[in-house]
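Inspection log for the structure reproduced underneath, given as structure tokens.
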Amino acid sequence: MNKMIKLIVNKIEDFTIIGIKKIVRFLKKLRKGTYFNKKNVYKTSGILFGSFMLCGALFMIWFSTLKTPDINVFDDKLLGQSAKIYDRTGNILLYDLSQKVRRSVVPLDQISPFLTKATIAIEDNDFYQHGGIKISSLVRAFFANISNGGYSQGGSTITQQVVKNSLLTKDKKITRKIKEIFLALKLEKNLTKDEILTLYLNNSPYGGNIYGVEEASELFFNKHASEVTLAEAAIIASLPKAPSTYNPYAGKKDALLDRKNLVLSNMFKLKMITAVEYNTAKAEVVVFEPRNLGSIKAAHFVMYLKELLEKKYGADKLAQGGFKIISSIDYDLQKKGEEIVKEYVKKNEKKFKAENGSMVVIDPKTGQILAMIGSRDYFDTEIDGNFNAAMSYRQPGSSFKPFVYATAFNKGFLPQTILFDTATEFSSECTPQGVPKSTGAVCYNPQNYEGGFKGPMSVRMALGASRNIPAVKMLYLVGVQATLNTAKAMGLSNLDNASKYGLSLALGSAETSVLDMTSAYGVFANDGIRNNPVGILKIEDSKGVVLEEYNPAPKKVIEEQVARLMNDVLSDVVARNSIFVKSYFKNDIVAVKTGTTNNSRDAWSIGYTPNIVVGAWMGNNNNKPMAQIASALIVSPMWKEYMDYILTKVNKEEFIKPEPASSDLKPFLRGVYQTSEGIAHSELFWVDRDDITGAAPTNPARDSLFNNWEASIYTGDQEFSTGNPANNSSGLKVNFNGANTNLLKTDVVSVLVGGYDDQTTKVDFLVNGTKIGESAFSPFNFNINLSSINNINPENEIKIIEYRKDNNTRVATGYFTVQE
């Protein structure tokens, strides 16, 4: 029934228009005199009378069926306000998360008077005098449209345009025009002139998805509507008539400036501005903001928030709810980070075949994300630049090792505890030499990234130099599950169960993201306290009601002593000097760890101070290998430059030193790895894995790996000393893996020093009377690369000289042979 009524109404409208057109054609002929003869007078009178009666009757029928929107639901008919994300200082990052309509509602007192006057001058100079419509304009437009057979002229006042933009459809029909007039008159009775003008300025189109003067001011001039100059106001007022015709970003700038001058001229004629203001504004060189592709800043971060917000509030609410979202982003840091990533990826694409990079900055005291750079360029289609590498799960390589050692510190190990960096077989199904004991047995004997072995090393040096074998040993000692528990508690959310990883977990076989790693390292920086990553500080709806607000929720996840021990090790410049030369800071103490995965698919660098954490990654989105080189060379320079910049923006703060180790701890944990007779033993000789701080195992061979670990430090070794062979516990002792063995010139020999004490200051190492190196740190060990020594002979002497605080020395001498 409704469809039939609508059809009849449409037909009546068509007949009415046809009738009016015939009358107009008749009047034209009448004006030319072609009907002024006696024969046609009666005919003419009949036609006029009949036509007017017919049109009047049809119009009355049509008008009785006319439905108009309810003026009382005016607010509900306005364009929905899009959700907007701001940085922490209030600068808009993204205007419309749905990319449909960008619109900000501001009251009239927050709009420049220049802008209101310019709008009235060009759109409706009698706005404050008429009652909603201008009869003269309507009549002129009516006859022009009928005469032209279309709807080219609107004759609309500002009030009518408010109705048209907010309450009616875009159909160009006479019925819509009559509704527009009717509602305009009604609107004038319900609202003041200022209220109507406010609606117009907040709802008019200014190009593309831009609605309202606030959004237009932000887009074109990066200003609020209250801050625009007279010339800028004239430009904005020029746009609603035909936004595409005057689009400055589409080659229409000259046309826009011409219309700007027309607006200024109208304002001057209407005495809205003085002659000086007119001439100054006309001569002003207006600078437009660069076009922001996609109308988005901090794009990867914004899309990260968008996903979170849509899950919580729904896409429709986000697009229409008018949310004002204050994010955690520091846009200065964000912008600088984007510049640095783009610069270094461009370099590294040629040098190391690394096409992409990512960095994240977090305040560890709050968890607030200060910057998130997800790729070298969000709009780069060659590498799928909109893919957020900061959220992508990748293997972290050696940057996972701190979670292993944090678990160890929690169980009682110390930075001075000795671990053996020696060739080690970690499968009990294989011999110490890595030979399967039975068919199908799988051996596991990882290598160090740089190759070779360094013998006994303190935990401090092993972690600082990122040695692989000590890390795997420590993981075995503390347990895979315990380490996973530590990492999960600190923020690595993507970890699976222990059976999936095995001992390779120590080398970063589990996958995680830059965001999670950066957040987790923040626990170390914050004395063991975790704050979950935060991207939103506050959300308000369109009426200013606070929907949610940042509420700190700190949680202690590791002991503060554990965090302080880790900070002390990772910030030790001496310990990391061998591979972290690119991470040296002259005036700041910064903890840092790098990581490189197999085949160099991922390069990581994560560092921190007590009040800032910066995580960096470099690689390829498609997981292609980069050049076979350490991450310290690939990603660390990028991370270092960014950290240098950030440190100039934050307060300087130093780490709290850890408490000294208790003298009650058993000697092995404090760095003693030899018996009173000077015999070195592997870690499993001293440690019960179920009770790290307890007594040494009575039968260490019960551990299935004990024989493999012991063999790794004693195969072919000789021992020589300065003490009495019958009682040499007080003398200098040296374990040298070369006895009764003809070495090759390519071999690396480990020299393990024992018998030293707190009076030892330094140990020199000499081969055939020539000094080849020294060690100034406990445990005073040294690796001899025979290929680097010029005076190697078939028979050789090795001499160790110990220097003591009382200026005395002790000397031990041994011998080894080298094959011709």
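The values are calculated or read from the model by the stated rules, or taken from the named source; none is laboratory data. Note that the structure is a prediction, hence the values are computed from the model and not measured. All Cβ positions, glycine included, derive from the backbone under ideal geometry; neighbour counts span all protein chains shown. Quick note on the areas: whole protein, heavy atoms, side chains included, nothing else; ligands and nucleic acids left out. Shrake-Rupley method; radii C 1.70, N 1.55, O 1.52, S 1.80 Å.
Data overview
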{"quantity": "Principal axes of the range 426-490: Cα extent on each, largest first, Å", "calculated": "41, 29, 17"}
{"quantity": "Cβ-defined net charge surrounding Asn781, 10 Å radius [Lys, Arg +1; Asp, Glu -1]", "calculated": "0"}
{"quantity": "Built amide H within the under 5 Å cut-off of Ala371, gap 5+", "calculated": "Asp330, Val361"}
{"quantity": "Inter-site label distance for Asn485 and Thr746 at 7 Å from Cα along Cβ, in nm", "calculated": "4.6"}
{"quantity": "Rule-of-thumb Rg ratio for the range 478-560 [Cα; 2.2 N^0.38 Å; N residues]", "calculated": "1.40"}
{"quantity": "Cleavage-rule hits (chymotrypsin sites (Phe, Trp or Tyr not before Pro)) in the range 320-381: DSSP loop, at most 11 neighbouring Cβ within 10 angstrom", "calculated": "Phe379"}
{"quantity": "Sparse-neighbour loop sites [GluC sites (Glu not before Pro); the range 207-282; at most 15 other C-beta within 10 Å; DSSP]", "calculated": "Glu227"}
{"quantity": "Accessible area of the range 417-484 divided out per residue, in Å², using a probe of 1.4 angstrom", "calculated": "34"}
{"quantity": "Efficiency of FRET between Val650 and Phe777 - r from beta-carbon atoms, R0 30 angstrom, step 0.05", "calculated": "0.40"}
{"quantity": "Amide H within-cut-off set for Thr157, under 5 Å, with H built and near neighbours excluded", "calculated": "Lys134"}
{"quantity": "Rel. contact order, % - alpha carbon contacts under 8 angstrom, at least six apart, the range 220-320", "calculated": "25"}
{"quantity": "Exposure of Arg810 as accessible area (Å², to 10), given a probe of 1.4 Å and all protein chains", "calculated": "40"}
{"quantity": "Scattering curve values for the range 416-464, log₁₀ I(q)/I(0), Debye with Cα scatterers, q = 0.32 Å⁻¹", "calculated": "-1.11"}
{"quantity": "Extension gain (nm, one decimal) between Lys555 and Arg88, 0.36 nm per residue minus Cα-Cα", "calculated": "165.7 nm"}
{"quantity": "Cut-off 11 Å between beta-carbons: net charge of the residues surrounding Asp496, Lys and Arg +1, Asp and Glu -1", "calculated": "+1"}
{"quantity": "Pair Asp588, Glu795: separation of 7 Å Cα→Cβ label points (nm)", "calculated": "5.9"}
{"quantity": "Computed lengthening from Glu511 to Lys342, 0.36 nm per intervening residue step minus Cα-Cα distance", "calculated": "58.4 nm"}
{"quantity": "Accessible-area value, Glu450, 1.4 Å probe, nucleic acids and ligands omitted, Å²", "calculated": "100"}
{"quantity": "The range 548-680: relative contact order as a whole-number percent, Cα under 8 Å and 6+ apart", "calculated": "22"}
{"quantity": "Kirkwood hydrodynamic radius of the range 208-270, from inverse mean 1/r over distinct Cα pairs, in Å", "calculated": "11.8"}
{"quantity": "Using a Förster distance of 30 Å, the FRET efficiency for Asn768-Val573 (Cβ separation, nearest 0.05)", "calculated": "0.35"}
{"quantity": "Förster radius 45 Å - calculated FRET efficiency between Ala255 and Lys353 (Cβ-Cβ, nearest 0.05)", "calculated": "0.40"}
{"quantity": "Inter-site label distance for Asn532 and Leu108 at 7 Å from Cα along Cβ, in nm", "calculated": "4.6"}
{"quantity": "For the range 693-705, Karplus couplings with θ = phi - 60° (6.51, -1.76, 1.60), whole Hz, Gly/Pro x", "calculated": "8, x, 5, 5, x, 6, 9, x, 5, 5, 6, 5, 9"}
{"quantity": "Net charge over other residues, Cβ less than 9 angstrom from the Cβ of Asn623 (K, R count +1; D, E count -1)", "calculated": "+2"}
{"quantity": "Reference-scaled alpha-carbon Rg (2.2 N^0.38 Å with N residues) for the range 571-687", "calculated": "1.41"}
{"quantity": "Calculated P(r) tail over 20 Å for the range 323-401, as whole % of Cα pairs", "calculated": "41"}
